[in-house]
Amino acid sequence: MHLPCYLLWRGREIVPYEWGVDSAAPVTESFFQCVVDHFGYPSYWGRYLTTVPNVSDGLTRQEIALLRGRGVKIWPIYNEFVDAIGYRNGRVAARNSIYHAQRLGIPEGIMLTANLEYAIDEAWIRGWVDAIYPSGYRPGLYGDPAEGDFSTAYCQAVQNSNLVAAQAIIWSNMPRPGVTRRAEAPAYRPSMPPCQANVWGWQYGWDDPTCNMPIDSNLIDSKLMQYLW
C-alpha cells in the first residue's frame with residue numbers, strides 16, 4: 001500500500017503531503033538508485049516532455065518504463081517556448097504539449113505543467129488553460145509567486161476567466177530552503193498568489209549535485225497525485 005510522505009494537522013483534518021523530485025536529465029538505473037540512496041524513495045519524478053538544447057532532455061519511453069515499473073509517478077513538464085506572452089501563443093504551446101503527451105502515451109486526466117520562468121502575461125495563461133482543458137488533460141502552471149510577473153499575470157487571468165481559477169494547478173518554486181532527504185522535508189509552506197489559486201505543489205529545493213545530475217526536491221498536496229501518471 002502506498003503511504004504518504006507525512007501527515008500534517010490542518011484544523012481537525014489530517015492532510016498528507018507527498019515527496020518527490022524533478023530533473024532536467026534523463027532517469028537511468030544508476031541515477032534513480034543514487035536518489036533513493038541519498039535522499040529517499042520518490043513518490044513522483046518530474047520530467048520534461050521534449051528536449052530543449054542546453055536546458056533539458058526529453059522524457060523517453062525507457063524512462064517511463066523504469067519509473068512506472070518502480071511505482072513512481074511521472075510529472076510531465078513542458079518548456080519548449082521562450083516568452084509566455086499572448087493568448088494565441090499560449091494555445092499553441094498547449095497544443096504542442098498535448099501532442100507530445102499523446103506521443104509518449106500519457107493518458108487523458110494527467111496534468112501538463114507549463115514551465116513559466118520567462119516573461120509572462122495573463123493572456124498566455126488563459127490560452128494555455130483554454131486549450132488544455134477540453135483535451136482531457138489538466139492545466140498546470142509552474143512559477144514564482146513571490147517575485148516577477150507570475151502572480152500579477154495569474155491573478156489577472158483569474159479575474160478574466162473562471163476556468164483558470166477552477167482548473168489551473170500551481171506548482172510554486174518559492175521559498176527555497178534547500179534540497180533535503182525525504183524524511184527531512186519542511187512543512188508545506190509554498191509562496192502563493194494573492195488571489196484564488198490551487199497551489200498544490202512546492203519545489204522547495206533546487207539543483208542538488210550529489211548524484212552528478214542535479215535534482216530538485218518537492219512536496220505536493222496528495223490531491224495532486226491523481227493528476228500525475
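The values are calculated or read from the model by the stated rules, or taken from the named source; none is laboratory data. Computed from a prediction, not measured in an experiment: that's the story for all the values here. With ideal geometry, Cβ positions are generated from the backbone for all residues, glycine too; neighbour counts draw on all protein chains shown. Ligands, DNA and RNA are excluded from the accessible area calculation, which covers all protein heavy atoms including side chains. Shrake-Rupley method; radii C 1.70, N 1.55, O 1.52, S 1.80 Å.
Couple of notes before you dig in:
- Percent of beta bridges antiparallel (DSSP, the chain, rounded to nearest 5): 45
- Which labelled figure in (i) 1, 7, 12, 13, 11, 8, 7, 7, 8, 8, 7, 5, 3, 2, 1, 0, 0; (ii) 1, 7, 14, 17, 18, 15, 13, 9, 5, 2, 1, 0; (iii) 1, 7, 15, 20, 21, 18, 11, 6, 1, 0 is P(r) over Cα pairs in 5 Å bins from 0, in percent, once derived from the coordinates: (iii)
- Residue-level accessible surface for GLU80, protein heavy atoms, 1.4 Å, Å²: 90
- Working note: Debye formula, equal point scatterers on the alpha-carbon atoms of segment 36-118, no solvent; log10 I(q)/I(0) at q = 0.15, 0.21, 0.25 Å⁻¹ is -0.58, -1.02, -1.30.
- Dipole magnitude of the chain about its Cα centre (Cβ charges: Lys, Arg +1; Asp, Glu -1), debye to nearest 20: 700
- Built amide H within the under 5 Å cut-off of VAL199, gap 5+: ILE170
- Magnitude of the charge dipole for segment 146-229, about its Cα centre and with charges confined to Cβ atoms of Lys, Arg (+1) and Asp, Glu (-1), is about 240 debye.
- Computed over the chain, relative contact order equals 21 percent, with contacts defined as Cα pairs under 8 Å that lie 6+ residues apart.
- Taking all protein chains together and rolling a 1.4 Å probe, CYS195 ends up with roughly 40 Å² accessible.
- 3J(HN,Hα) couplings calculated from phi for segment 108-116 with the Karplus curve 6.51 cos²θ - 1.76 cosθ + 1.60 (θ = phi - 60°) are, in sequence order, 4, x, 8, 7, 10, 9, 7, 7, 9 Hz; Gly and Pro show x.
- Residue of SER30, SER151, SER172 that the Gaussian network model of the chain assigns the largest fluctuation, springs spanning Cα pairs under 10 Å: SER30
- Taking VAL82, VAL27, VAL179 as the candidate residues, the one with maximal mean-square fluctuation in a Gaussian network model of the chain, Cα springs under 10 Å, is VAL82.
- Accessible area ranking (1.4 Å probe, heavy atoms, ligands and nucleic acids excluded), largest first, for THR180, THR113: THR180, THR113.
- Accessible-area ranking of TYR154, TYR99, largest first, probe 1.4 Å: TYR99, TYR154
- Formal net charge of residues neighbouring VAL179 (Cβ-Cβ distance under 15 Å; K, R +1; D, E -1): -3
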